[in-house]
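Heads up, the thing below is written out as structure tokens.
The values are calculated or read from the model by the stated rules, or taken from the named source; none is laboratory data. This is a predicted model, so every value here is computed, not measured. Neighbour counts are summed over all protein chains in view; Cβ atoms, including those assigned to glycine, are modelled from backbone coordinates with ideal geometry.
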Amino acid sequence: MDFSLSEEHAIFQDMIKRFAEKEMAPLVDEYEEKGEFPHQLWAKWAEIGVLGLGYPEEFGGVPADKFYECILAEEFGRISQGFTSGIGVSSILVAPLVYKFGTREQQEKYLPDAIKGKKRFAVGITEPNCGSDVAAIQTNAVQDGDYYLINGAKIFITNGTFAEHTIVVAKTQKEHGKKGETLFIVDKDTPGFRVAKKLNKLGWHSSETAELAFEDCRVPRENILGEFNRGFYHIMHMFVTERILMAAMSVGLARACFEESAKYARERKAFGRPIGTLQATGFKLVDMAADIEMARLLTYKAAWLYNQGQDARKEACMAKCYAAEFALKAAIEAIQIHGGYGFMEEYPVARYFRDTKVLQIGGGPSEIQKGIVLQLIGFPDYTHGGLLQP
């Protein structure tokens, strides 16, 4: 078994790491403080081709497998979780829905501008009264001639404040439950659509998050994405990618925790020696290094299965759950190693700590991930709230 990256993957990793350190790192503190996304990065990301990973060249894309996405999420996530969530949602999660399930006309209309960084995507699933149970959403769409009128609300929507296009899950046949949900592409200027509120968060301050409102939002029938009443199943396909993506982001954040802690442990002295040479601190670093390797291996196994066209649901859930839980542990240990300085905002480990918690929640909380795995390892009667069967 070979666990090393191919030459092509290694070259890409080196390029992405250097780009992130040069172009992204200097912006982090400023935009975390502003609570805004650095939109100047979209053009730069387009220039190096990372907005087109996995898309055909005819749309301006670059052929790539899941490993490339994992490398990007880890290296970018090491620098900024907020920045990474923006590009991850738009280019790795949502625009691919248009590529996979969209009509030729939809692909030609939306993908080129997304790959050029001129247009951004969001996805509207979670609602004020509905989270993990996608089958229970209340937003509905009623046909009105050649249009559908969408009414409802979505919350915790990454990129929601600025995305030009939002893919919205809505009930089209309420009596059919998850078999009566459809995806719609809602453009930002659609009558009846508005950003109700920009949300303030514990972490990911540079990722803009919104509550969206739909009041007789008039969407043309040609904006239905994928099969009518099959929206639930299309979203389940996206969740596998989301979990692999968030696992890789978690690995990146854990790496940042380790690297800052190791650096501090070499410089800080106590009892006449660097604290990294003291067992209490040194063993924390060893555990962090080992857990990073384990989380990365789980993540890349899930990505490998996905690349092979195999069912990666179980491994994606395991990777996301383990990596997210460990990232929080790594952040806690990083603050402990820094002592009082870890509690100060001038040290990046304070931001790492704030940013970790949502990794256990987004893309389905850890409890949902474990429930999915429980069913897939032989307990099909587990009560799961409708999430487990794509």
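Tabulated data
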{"quantity": "Yes/no for Thr182 being at pLDDT 95 or above, hydroxyl-bearing (Ser, Thr, Tyr) and within 25 Å of Ile361 (Cα to Cα)", "calculated": "yes"}
{"quantity": "Spans of helices (runs of 4 or more DSSP H) in the stretch 1-102 with at least 2 residues under 29 Å from His237 (Cβ atoms)", "calculated": "7-19, 40-48, 66-79, 81-87, 95-101"}
{"quantity": "Glu333 vs. criteria in a helix (DSSP H, G or I), of a type in the set (Asp, Glu) and crowded, with 24+ Cβ neighbours inside 10 Å", "calculated": "no"}
{"quantity": "Residue list for the stretch 142-159, filter: in contact with a Leu (Cβ under 7 Å, 6 or more places away or on another chain) and over 20 Å from Ile368 (Cβ atoms)", "calculated": "Val142, Ala153"}
{"quantity": "Given (1) touching a residue at least 12 places away in the same chain (Cβ under 8 Å); (2) buried (at least 16 other Cβ atoms within 10 Å of the Cβ); (3) of a type outside the set (Asp, Glu), index of the condition Lys100 fails", "calculated": "(2)"}
{"quantity": "Ala135 being in the same structural domain as Val186 (by TED's automatic domain parsing) and part of a helix (DSSP H, G or I)", "calculated": "yes"}
{"quantity": "Any hit, the stretch 128-137, residues being in contact with a Phe, Trp or Tyr (Cβ under 7 Å, 6 or more places away or on another chain) and either within 24 Å of Phe239 (Cα to Cα) or of a type in the set (Val, Ile, Thr) (or both)", "calculated": "yes"}
{"quantity": "Scope the stretch 53-73; condition buried (at least 21 other Cβ atoms within 10 Å of the Cβ) and under 14 Å from Gly88 (Cβ atoms); matching residues", "calculated": "Leu53, Lys66, Tyr68, Glu69, Cys70, Ile71, Leu72, Ala73"}
{"quantity": "Those residues of the stretch 140-176 which are within 24 Å of Lys100 (Cα to Cα) and either in contact with a Cys (Cβ under 8 Å, 6 or more places away or on another chain) or polar (S, T, N, Q) (or both), in sequence order", "calculated": "Asn140, Ile150, Thr158, Asn159, Thr166, Thr172, Gln173"}
{"quantity": "Tabulated pairs, the stretch 230-252, first outside the structural domain of Ile137 (by TED's automatic domain parsing), second part of a helix (DSSP H, G or I) and among the polar types (S, T, N, Q), C-beta under 7 angstrom, 6+ apart or interchain", "calculated": "Ile244/Thr299; Ala247/Thr299; Ala248/Thr299; Met249/Gln81; Met249/Thr84; Val251/Thr299"}
{"quantity": "Residue in the stretch 314-325 that is within 23 Å of the chain's Cα centre (by Cα), assigned to a helix (DSSP H, G or I), within 21 Å of Asp355 (Cα to Cα) and aromatic (Phe, Trp, Tyr) present", "calculated": "yes"}
{"quantity": "Residues (among the hydrophobic types (A, V, I, L, M, F, W, C) and under 15 Å from Cys70 (Cα atoms)) located in the stretch 318-340", "calculated": "Ala319, Ala323, Ala324"}
{"quantity": "Exclusive hit being farther than 29 Å from Leu278 by Cβ and at pLDDT 90 or above, set Asp311, Asp381, Asp355", "calculated": "Asp311"}
{"quantity": "Residues of the stretch 290-321 satisfying the condition of being surrounded by fewer than 24 Cβ atoms within 10 Å (Cβ to Cβ), in contact with a helix residue (DSSP H, G or I) (Cβ under 6 Å, 6 or more places away or on another chain) and free of Cβ contacts under 8 Å to residues at least 40 places away in the same chain", "calculated": "Asp291, Lys301, Leu305"}
{"quantity": "Test result for Ala43, more than 19 Å from Asp14 (Cα to Cα), in contact (Cβ under 8 Å) with a residue 40 or more places away in the chain and either surrounded by fewer than 21 Cβ atoms within 10 Å (Cβ to Cβ) or touching a Cys at 6+ places or on another chain (Cβ under 8 Å) (or both)", "calculated": "yes"}
{"quantity": "Members of the stretch 103-121 found to be in a helix (DSSP H, G or I), out of contact with any Gly (no Cβ under 8 Å at 6 or more places or on another chain) and under 20 Å from Glu227 (Cβ atoms), listed by number", "calculated": "Arg104, Glu105, Gln106, Gln107, Glu108, Lys109"}
{"quantity": "Answer residue from the stretch 132-184, given it is touching a strand residue (DSSP E or B) at 6+ places or on another chain (Cβ under 9 Å) and among the charged types (D, E, K, R) and is surrounded by the fewest Cβ atoms within 10 Å (Cβ to Cβ) among those", "calculated": "Asp146"}
{"quantity": "For Glu75: the one exception among (1) among the acidic types (Asp, Glu); (2) under 18 Å from the mean Cα position of the chain (by Cα); (3) farther than 22 Å from Val358 by Cα", "calculated": "(3)"}
{"quantity": "So Val94, is it touching a residue at least 40 places away in the same chain (Cβ under 8 Å), out of contact with any Ser or Thr (no Cβ under 7 Å at 6 or more places or on another chain) and surrounded by 23 or more Cβ atoms within 10 Å (Cβ to Cβ)", "calculated": "yes"}
{"quantity": "Of all residues making up the stretch 361-383, the number that are under 14 Å from Gly131 (Cβ atoms), in a loop (DSSP other than H, G, I, E, B) and in contact (Cβ under 8 Å) with a residue 24 or more places away in the chain", "calculated": "4"}
